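Q: Here it is, the structure in full.
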Amino acid sequence: MNKKKGNLYIVTGPSGAGKGTVLGRVLAEMDNVFLSVSATTRQPREGEKHGVNYYFVTHDEFRQMIEQDRLLEHAEYVGNFYGTPAAPVDEMLNAGKDVVLEIEVQGALIVKGKRPDATLIFIVPPSFDVLASRLRSRGTESEEVVQRRLMKARSECAQMDAYDYIVINDQLDDAVHDLSSIIRAGRCRRGSVALNLFD
Ligand code: ADP
Ligand code: 5GP
């Protein structure tokens, strides 16, 4: 039994919902899942590494990537640009790996337009108050940026209807289980397995 091409997943959620935390656990538990590394013009947070968390680029470099058609999608988010390098996504899908893009709503809808087979997953916190307290307790943004990200959360959540799955990140273990179950179920989809029982 051979694995065919991998499946493409897009994970979105307001800043502080726990996307990075949930995905980190899912990736540690599951084989053959590749998390796409985006390019961004945002400054690295403490501990973030170039090529691991993001490709941290200048505005000129980002513009060049767009001009050379090297991004599958890109969007502006709270004053910075973010984009998904196209080549690694296709390399990994063709190698039979599942690929996860952790990107915001505008980019998610662009990818869905280009790749209708992509599965869209929205991660939400149990409440707005929990979101605010998680974002503040993470301590990576100034209060001004926290406010802007919280404002953005309302419009992001308003687009949840475009998504295939909603994962509520209340208890971390449950959210990890939900997300990995969605990815596992995708592997059982007809079309995801090449079954040659009688060859
Ligand atoms: P995002 O990637 O969506 O911006 P993070 O993964 O950075 O969010 O999580 C934001 C903060 O919330 C982090 O400090 C993280 O440790 C915490 N967090 C994430 N998930 C949970 C959870 N289920 N319960 C409590 N705290 C959480
Ligand atoms: P952060 O600055 O917190 O790392 O990310 C801010 C937002 O940008 C998050 O919603 C994150 O999902 C999104 N993001 C990260 N990489 C990309 C990308 O390549 N494209 C798009 N459209 N959004 C991205």
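The values are calculated or read from the model by the stated rules, or taken from the named source; none is laboratory data. Keep in mind that this is a model prediction, so the values were computed, not measured. Please note: Cβ atoms are built from the backbone with ideal geometry, for glycine as well, and neighbour counts cover all protein chains shown. Remember, those area values only see protein heavy atoms, side chains included, never the ligands or the DNA or RNA. Shrake-Rupley method; radii C 1.70, N 1.55, O 1.52, S 1.80 Å.
Q: Of all residues in the range 21-48, count the ones that are of a type in the set (Gly, Ala, Ser) and loosely packed, with under 14 Cβ neighbours inside 10 Å.
A: The total comes to 3.
Q: Would you mention how many residues in the range 1-45 are within 13 Å of ligand 1 (Cβ to nearest atom), over 20 Å from Ala175 (Cα atoms) and of a type in the set (D, E, K, R)?
A: Result for the range 1-45: 2.
Q: Just one of the numbered conditions (1) in contact (Cβ under 8 Å) with a residue 40 or more places away in the chain; (2) over 26 Å from Pro125 (Cα atoms); (3) among the small types (Gly, Ala, Ser) is not true of Gly51; which one?
A: Evaluating Gly51 over (1) in contact (Cβ under 8 Å) with a residue 40 or more places away in the chain; (2) over 26 Å from Pro125 (Cα atoms); (3) among the small types (Gly, Ala, Ser) leaves (1) as the failure.
Q: Among (1) open to solvent by 70 Å² or more (accessible area, probe 1.4 Å); (2) near ligand 2 (Cβ under 9 Å from one of its atoms); (3) more than 24 Å from Phe34 (Cα to Cα), which single condition is Gln64 missing?
A: For Gln64, the exception is condition (2).
Q: Identify all residues within the range 107-151 that are within 16 Å of ligand 1 (Cβ to nearest atom), closer than 25 Å to His74 by Cβ and hydroxyl-bearing (Ser, Thr, Tyr); write none if there are none.
A: Result: Thr140, Ser142.
Q: Looking for something part of a loop (DSSP other than H, G, I, E, B), within 21 Å of Val100 (Cβ to Cβ) and of a type in the set (Asp, Glu) - is there at least one such residue anywhere in the range 142-163?
A: no
Q: Condition check: open to solvent by less than 80 Å² (accessible area, probe 1.4 Å), part of a helix (DSSP H, G or I) and in contact with a strand residue (DSSP E or B) (Cβ under 7 Å, 6 or more places away or on another chain). Does Leu179 satisfy that?
A: Here the answer is yes, as Leu179 does meet what is asked.
Q: In addition: Give Arg190, Arg115, Arg184, Arg136 a once-over and let me know the one that is more than 13 Å from ligand 2 (Cβ to nearest atom), in contact with a strand residue (DSSP E or B) (Cβ under 9 Å, 6 or more places away or on another chain) and of a type in the set (Lys, Arg).
A: Just a single option satisfies the conditions, and that option is Arg115.
Q: OK, next. Being within 16 Å of ligand 1 (Cβ to nearest atom), touching a Phe, Trp or Tyr at 6+ places or on another chain (Cβ under 9 Å) and of a type outside the set (Gly, Ala, Ser) is the requirement here; does Glu48 meet it?
A: yes
Q: I've got another one for you. Can you tell me which residue is nearest to ligand 2 (Cβ to nearest atom) among those in the range 20-38 that are under 19 Å from Pro88 (Cβ atoms) and touching a Ser or Thr at 6+ places or on another chain (Cβ under 8 Å)?
A: Ser38
Q: Next question, about the same structure. Just the residues that are under 17 Å from Tyr77 (Cα atoms) and either of a type in the set (Gly, Ala, Ser) or open to solvent by less than 10 Å² (accessible area, probe 1.4 Å) (or both), please, taken from the range 96-106.
A: Leu101, Val105
This table checks each residue for (1) farther than 13 Å from Leu8 by Cα; (2) charged (D, E, K, R); (3) modelled with pLDDT of 95 or more.
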residue	(1), (2), (3)
Asp98	no, yes, yes
Glu102	no, yes, yes
Gly107	yes, no, yes
Ser155	yes, no, no
Asn196	yes, no, no
